[in-house]
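**Q** What follows is a single structure, and I will ask about it in a moment.
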Amino acid sequence: MKNDKKDDNNSRRNFLKLGILAGAGTVATGALLVTGKSASGESGEKIKVLTTTGEVMEVDKNFLTQAPVGRKESHQGIPGRKFVMVIDLARCKNARKCVEECQKGHNLPKETEFMKVYLMQDSEKTAPYWFPKPCYHCDNPQCVSVCPVGATYKRTDGIVLIDNERCIGCKFCMTGCPYSTRVFAWKPDEAYDIDQPYSPEKSVPGVEGTVSKCDFCPDLAREGKLPYCAQACPMGVIYFGDIDEDVVTNGTETFKFSELIRDRSGYRYLDNLGTRPNVYYLPPVDRQFPVERGLDGLDEETLKRYDNTPYVKNAKISKEAK
Amino acid sequence: MSDTVNSDKLLREFAPQIERTSKFGKLWIAFLCVVICYGWFALYWQVSRGHIVTGMRDNVVWGVYIVNFIFFMGISYAGALISGTLHLFHSEWRKPIIRMAEFITIISLLIGPCFIMLCVGRLDRLPNLILFGRIQSPITWDVIAISTDIFGCLLFLYLALLRDLGKMRDFTELKVPQWQKKMYKILALGYTGTADQQLRLKRATDVMAGMVIAIAIIVYSVLAWIFSVTLQPGWHSTIFGPYFVIAAVYSGTGVLIVAMYVFRKAYHLEEHITLQHFVNVGVIMLVLGAFFGYFTFSEYLTKWYGSEKNDEQLIQVLLKNYFNLFILSNYVGVLVPLIVVGFRKLRTINNITIAAVIVVIALWINRYLIVVPTLETPYLPIQDARAAWQLYHATWVEWALTAAGAAMFCLLFTIGSKLIPIVQVSDLKEEPEQPGDLHLM
């Protein structure tokens, strides 16, 4: 077991290192900027970057800032990558940190969420479970097929993005997506008024009258970081990684993707629709929390959102019966 | 030249409608303008405050606007199909009503697409549809199909009008402003009715009639495919293309009968539009109604019998939350015209018109039941969404714009009937007989 863990740590370090190098590879195209000055001074942590002449050079971490990837470059995926997410349903207790951090990270209005947490119950007698749902970044994405202007597109690294400067807001992609993943900017919002160059990789700033959704945070991946949701989850529910490299991590544990899926019987939700999602679920077995814990500590409005779920309805009925 | 005498007589009869507008007519136009202004205000409201003022939210992303879009496009294709078919079959009785069918086509074809634009979040980016159009998207198919249809129908209507425009130009007794006379002259393109002109016009009209029928079927199928290419449980159906085409023509015959009734009363056309016309169009409506009922039945039967989880959920919602509307659109809307037109004793002008009104309302509701309940029952249950965002309720903005669309339809119809006689004045005999012409009815 000890050995295993060591391996895990190694592969995690490898993943992160490769992430940095992938970012460094794009220095030439101007994604990373060596600014030469930093508010916090030298961190002492050196990072290898490629210069335009092809030389490797060491720069202090704090001297690097990330210039957002522009609309045109964002059409290309990060080279050599194929991102995948694994969600461990056995651990989720609806802490909602993924929802909140994602909202913060993407500067979303209060009523817009990219990540949703469902209280699922597959059939009457089966057990209910919490089910976080990001965008599945399908390999056969309906949303991309139906878009009339090419505002939503599939990249080589598997990510499906939206260019909100081209989107006309017809909402066809929203009806095309069988997973109800996409959200619409229904009104002008102060959250959109931030002074920042637009990047489809960040989905910031949002634009009224256009569609947006979970973007798998490729801007963070370029920096070798996990998406906001995976970083924020206190239970380590969300693993993110690279399917070709066969590695996923939640920040503290790292697994071989193929082994994790094999050992824990991973599956894709509604796989029968032929959309070929890039998000896998681990079934809710040997759970760490009883399902009702997920309803604890929710504010009233959020709690109300689960009122029409079979679980909450049944709980109410049995309570009344008593 | 008995033909000329005949059409002059007709023109003399219709001249008062074109020359002046009655007090009631003016009131009617003023009322329509008020409704349209209200719609403009609603549009301003929506544009300035965002789509949040509509009832649409992240789950039900399409609402009444799309329903109106399908509805108006539907009645337009119906006009095209009816006038095209009757033209090709040389049905003699079509003469008094064909102009109305053509007006319905063109006017609703101009109003329909406005509704889909109301649904678009970024109207300023509409040029992207052309600049960055992707042929893979059914919306691009729709853009191509609808623009082809508008062009084709305008051409067909124009060809059909040409003879009458010539007559209007030559009819010196008409007391209309100079600009209007000039307009007739220009639009008549020097058509005087020589044998050569007659033959050419007939050939062109024949070709366009055939084209319009084909385009109408294609356009409405494409519209249906916007829904059925998605994976949504209520939409992902192979029958949707033909189902939409039939539903469209069905609603169109309804609107035609209502228009016949209104103009018959308003312009005193009792002599021209008789019970026989109502019965003839009624029979077409009956046949289409039977098809529509059959398609609806087989669509829901297979869903209900197979009872796949999501289909079952949809049907439950339809029968629980939308029970009255479901019965009205899919039972009353089918059975009433079948009974009224099916039994000889019930065939009166009033009865047939009432049946037609029911058909029009039922078909609007039918589209509503196709669009909204499906979006309310997606694959993933609607959860973790604000209570107000779960179900769809159209707001005053949407109703105001819907009313404005209907008012616009009536207004354009009224204006059209003020420029061109609502009944074709030139004689059908002016169409030279050719070998191979079909004669039905």
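The values are calculated or read from the model by the stated rules, or taken from the named source; none is laboratory data. Remember, predicted model here, so these are calculated numbers, not experimental data. Neighbour counts are summed over all protein chains in view; Cβ atoms, including those assigned to glycine, are modelled from backbone coordinates with ideal geometry.
**Q** In the range A:259-288, how many residues are of a type in the set (Val, Ile, Thr) and either over 20 Å from residue A:139 (Cα atoms) or assigned to a helix (DSSP H, G or I) (or both)?
**A** Selection size over the range A:259-288: 2.
**Q** Of the residues that sit in the range A:188-217 and are within 11 Å of chain B (Cβ to nearest Cβ) and without any contact (Cβ under 8 Å) to a residue 40 or more places away in the chain, which one is nearest to the chain's Cα centre (by Cα)?
**A** A:208
**Q** If residue A:138 meets every condition in (1) touching a Pro at 6+ places or on another chain (Cβ under 7 Å); (2) surrounded by fewer than 23 Cβ atoms within 10 Å (Cβ to Cβ); (3) more than 23 Å from residue B:142 (Cβ to Cβ) apart from one, which number is that one?
**A** (2)
**Q** Quick check: is even one residue across the range A:194-217 part of a helix (DSSP H, G or I), in the same structural domain as residue A:78 (by TED's automatic domain parsing) and hydrophobic (A, V, I, L, M, F, W, C)? Give the steps one after another, and end with the answer.
**A** First, the residues of the range A:194-217 that are part of a helix (DSSP H, G or I): none.
No, there is no match, as no residue in the range A:194-217 is part of a helix (DSSP H, G or I), in the same structural domain as residue A:78 (by TED's automatic domain parsing) and hydrophobic (A, V, I, L, M, F, W, C).
Per-residue answers, yes or no, for (1) farther than 24 Å from residue B:230 by Cα; (2) under 28 Å from the mean Cα position of the chain (by Cα):
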residue	(1), (2)
B:126	no, yes
B:129	no, yes
B:135	no, yes
B:138	no, yes
B:142	no, yes
B:145	no, yes
B:153	yes, yes
B:160	yes, yes
B:171	yes, no
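**Q** Still on this structure, I have one more. Of everything in the range B:189-242, what is of a type in the set (S, T, N, Q) and assigned to a helix (DSSP H, G or I)? Give them in sequence order.
**A** Of all residues in the range B:189-242, those of a type in the set (S, T, N, Q) come to B:192, B:194, B:197-198, B:205, B:221, B:228, B:230, B:232, B:237-238.
Selection gives B:197, B:198, B:205, B:221, B:228.
**Q** Any chance the range B:392-400 includes a residue that's more than 14 Å from chain A (Cβ to nearest Cβ) and over 30 Å from residue B:315 (Cβ atoms)?
**A** Among the residues of the range B:392-400, at least one is more than 14 Å from chain A (Cβ to nearest Cβ) and over 30 Å from residue B:315 (Cβ atoms), which makes the answer yes.
**Q** Just for the range B:120-144: of the residues that are of a type in the set (A, V, I, L, M, F, W, C) and not in a helix (DSSP H, G or I), which one is farthest from the other protein chains (Cβ to nearest Cβ)?
**A** The residue in question is B:135.
**Q** Look through the range A:294-322, keep the residues that are polar (S, T, N, Q) and assigned to a loop (DSSP other than H, G, I, E, B), and return whichever of them is farthest from residue A:127 (Cα to Cα).
**A** From the range A:294-322, those polar (S, T, N, Q) are A:302, A:308-309, A:314, A:318; that's our starting set.
Then keep just the ones that are assigned to a loop (DSSP other than H, G, I, E, B); that gives A:308-309.
Details: A:308: 16, A:309: 13 Å.
Only one residue tops the list, namely A:308.
**Q** Does residue A:303 satisfy the criteria of being out of contact with any strand residue (DSSP E or B) (no Cβ under 8 Å at 6 or more places or on another chain), within 25 Å of residue A:114 (Cα to Cα), among the hydrophobic types (A, V, I, L, M, F, W, C) and without any contact (Cβ under 8 Å) to a residue 24 or more places away in the chain? Steps first, answer last, please.
**A** Values: out of contact with any strand residue (DSSP E or B) (no Cβ under 8 Å at 6 or more places or on another chain): yes; within 25 Å of residue A:114 (Cα to Cα): yes; among the hydrophobic types (A, V, I, L, M, F, W, C): yes; without any contact (Cβ under 8 Å) to a residue 24 or more places away in the chain: yes.
Considered against the rule, which asks whether it is out of contact with any strand residue (DSSP E or B) (no Cβ under 8 Å at 6 or more places or on another chain), within 25 Å of residue A:114 (Cα to Cα), among the hydrophobic types (A, V, I, L, M, F, W, C) and without any contact (Cβ under 8 Å) to a residue 24 or more places away in the chain, residue A:303 comes out as yes.
**Q** Has the range B:122-145 got at least one residue that is at pLDDT below 90, hydroxyl-bearing (Ser, Thr, Tyr) and surrounded by 14 or more Cβ atoms within 10 Å (Cβ to Cβ)?
**A** Looking through the range B:122-145, none of the residues is at pLDDT below 90, hydroxyl-bearing (Ser, Thr, Tyr) and surrounded by 14 or more Cβ atoms within 10 Å (Cβ to Cβ).
**Q** For the condition within 14 Å of chain A (Cβ to nearest Cβ), in a helix (DSSP H, G or I), within 29 Å of residue B:283 (Cβ to Cβ) and at pLDDT 90 or above, what is the one hit in B:361, B:370, B:327?
**A** Numbers: B:361 fails: within 14 Å of chain A (Cβ to nearest Cβ); B:327 fails: within 14 Å of chain A (Cβ to nearest Cβ).
The unique qualifying residue is B:370.
**Q** Here's something else I'd like to know. Within the range B:91-110, is there a residue that is surrounded by fewer than 22 Cβ atoms within 10 Å (Cβ to Cβ), away from chain A (no Cβ under 14 Å) and part of a loop (DSSP other than H, G, I, E, B)?
**A** Within the range B:91-110, one or more residues are surrounded by fewer than 22 Cβ atoms within 10 Å (Cβ to Cβ), away from chain A (no Cβ under 14 Å) and part of a loop (DSSP other than H, G, I, E, B).
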